[in-house]
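Contents: one structure, followed by commentary.
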Amino acid sequence: MDAPGANIPEYGVGELAGAIKRTLEGAFARIRVRGEITELKPYPSGHIYLSLKDEAAKIEAVVWKSAVPRLGLKPENGVEVIATGRLSTYADRSKYQLVIERLEYAGEGALLARIEALRKRLLAEGLFARKRPLPLLPRVIGVVTSERGAVIQDIRTTLARRFPRELILWPVAVQGEGAAEQIARAIRGFSELPPGGPVPRPDVLIVARGGGSLEDLMAFNEEAVVRAAAACSIPLISAVGHETDTTLIDFAADRRAPTPTAAAEMAVPARADLLADLAQKAARLDQSMLARLRAAHLALSRAERGLPDAPALVAQARQRLEDRAERLAGALPQMLAAKRAALVAAAAGLRHPREALAAARAGLAQLVQRLEAAWARGQQRRAAAPALARLSPAPVQALLRERRAQLAGLSARLEAVSVHAVLARGFALVQDETGAAIARAADVTPGQALRLTFQDGQRRATAEGEARTPKRRRPGPEQGALL
């Protein structure tokens, strides 16, 4: 009889681990597991280790390096996902794990929670604060969207209708795997275009796509796209989805448009509206200029009425000038005659230097006689009075010598400036019949009687030429003729 348990199969540890692995992989070759990502650990080798949990349990999972590019989304802690893969074991530690081949967000709730968390984080960094004005009339417009579909056609039609502008399209995938990287790369590419290069640099940028579900629009909620839009150096308009759709790129853009058509309308003004506005402003400018011209004309008319009669003022000034000119013509001869009479009177009052010198000498002689007489009387008195004998005549004689020296000096100075001293050097004094001195040859008329005074006497003479009656100078032309 066999021992108890003899019919139970016996396994080695490795055999048992292999049997369990085959059983798990055969029973769970393709499964979908829903749970929240936790314990996320990317390794330098490229593999990603994580765990999925719910309220009841937790399972470890791994994403091999070869599956990361096809994963569908970037795993993050706290995000509820649906993982597609297969169940396998790790024999070295007697553990089983989920080998993930693809990840999906577990419904809109998980997507919205992830989007809201990213929005708050980027808002705290200040990525949504910058809002730049759009150019009034851009020369070049850049568009980031799919080259297929109605979006680019709607933008082209709207621009052609409102104001045709040069359009540059950067085609990208707007949903699915790798869409976010393409959109971010296109925004950065437009922003890095140099001015004046072979490819025109846009003046405004439109990032657009049509409507869709939340999962379809997720590429525009990715952090890489939002950061590229916030760092773009070109004013950016976001036009993603329909009017009710909101993505994170809308917060980072300078303007948000509800539809791609509305984005094109924001980018350029309507030509008809510009022409109408220009015509209205031109009409208002014309009216304003006319009003200002009328006001200036009225002010000029009022000022003109307040001004005096200019021709009358000029006529009065001319009349006064003519009167002054006529009076001046008669006043000059009268003034010359008066000056000449005053000069003659002054000359008549002057004494000849010889006469003044003779008078001074006569006065000095009288003074000497008086002094000698006084001296004689003094001598007589001294002879009569013994007390006077002690007086000396020296002081009086010294005073007399001093006075004589002063008189001699004055006489020499007077003789030096005397007319007779000048005549003694060979000069002569020329006078007319009235005794007025003539200093210029131009004042002598032919045949005029002259009186010449020399050092030793006078002689009469007549100027060469025939005598003629001097004519009175006629006054010049009336000053009024100058005006």
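The values are calculated or read from the model by the stated rules, or taken from the named source; none is laboratory data. Note that this is a predicted model, so its numbers are computed, not measured. As a convention, Cβ positions derive from the backbone with ideal geometry for all residues, glycine included, and neighbour counts pool all protein chains shown.
Assorted remarks:
- Considering (1) part of a helix (DSSP H, G or I); (2) modelled with pLDDT under 85, the lone condition that residue 292 does not fulfil carries the number (2).
- Checking residue 234 against (1) touching a strand residue (DSSP E or B) at 6+ places or on another chain (Cβ under 8 Å); (2) of a type in the set (A, V, I, L, M, F, W, C); (3) in a helix (DSSP H, G or I), the condition it does not meet: (3)
- Residue satisfying condition, being in contact with an Asp or Glu (Cβ under 7 Å, 6 or more places away or on another chain), of a type outside the set (D, E, K, R) and either touching a residue at least 12 places away in the same chain (Cβ under 8 Å) or not in a helix (DSSP H, G or I) (or both), within set 329, 347, 325: 325
- Restricting region 148-188 to residues that are under 21 Å from residue 73 (Cβ atoms) and not aliphatic (A, V, I, L, M), the residue that is modelled with the lowest pLDDT: 177
- Checked against the criterion of being free of Cβ contacts under 8 Å to residues at least 24 places away in the same chain and farther than 19 Å from residue 43 by Cα, region 67-90 has no qualifying residue.
- Residue 137 outside any helix (DSSP H, G or I) and either closer than 22 Å to residue 231 by Cβ or not basic (Lys, Arg) (or both): yes
- Residues satisfying the stated conditions in region 175-217, i.e. among the acidic types (Asp, Glu) and either assigned to a helix (DSSP H, G or I) or free of Cβ contacts under 8 Å to residues at least 24 places away in the same chain (or both): 181, 192
- Residues of region 45-63 that turn out to be closer than 11 Å to residue 99 by Cβ and of a type in the set (Gly, Ala, Ser), as a count: 1
- Residue match in region 421-439 (condition: farther than 29 Å from residue 338 by Cα, among the small types (Gly, Ala, Ser), at pLDDT below 75 and surrounded by fewer than 12 Cβ atoms within 10 Å (Cβ to Cβ)): no
- Each residue in region 58-81 was checked for being within 22 Å of residue 113 (Cβ to Cβ) and of a type in the set (Gly, Ala, Ser), and 3 pass.
- Which listed residue, of 276, 282, 264, is out of contact with any helix residue (DSSP H, G or I) (no Cβ under 9 Å at 6 or more places or on another chain), under 17 Å from residue 136 (Cβ atoms) and assigned to a helix (DSSP H, G or I): 276
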